[in-house]
Amino acid sequence: RRRRAEDIRYGIRDTWIDSRDVAEEEALTTLEGFNTRVTELAAVQEQDTQDIYRVMEDNQGRQTEIFQRVEVLVNDSQYDYETGRLVDQEARFS
């Protein structure tokens, strides 16, 4: 592959690839190469899908924990209310 490089300031070099080389490589693409790329893409998509499912399961677990905590807080507040009411009642009758 022929490359042309030139300085584009700040010590950065820009590299150009000869388009004739790219065209030759594209012409040499085989069905085997295509199949390999499709297989690799399918593997990446499968991994991404599994990652998404893991995130969804984690979020579901967190949501369940939050609901359980809210339920405990609601029950505690009802218990506190009843306890306060009984204490007030006792104070009135004593």
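Bear in mind these aren't lab numbers, they're just calculated from the coordinates by the rules spelled out. Everything numeric here is computed off the predicted structure, so don't read it as measured data. Cβ placement follows ideal geometry from the backbone for every residue including glycine, while neighbour counts extend to all protein chains displayed.
Would you mind counting up the charge near GLU40? Only other residues with Cβ under 15 Å from its Cβ, with Lys and Arg at +1 and Asp and Glu at -1.
-2
Return the distance in nm (one decimal) between the two label points of a simple spin-label model at GLU46 and ASP58, each offset 7 Å from Cα along Cα→Cβ.
The modelled label-to-label distance comes out at 2.3 nm.
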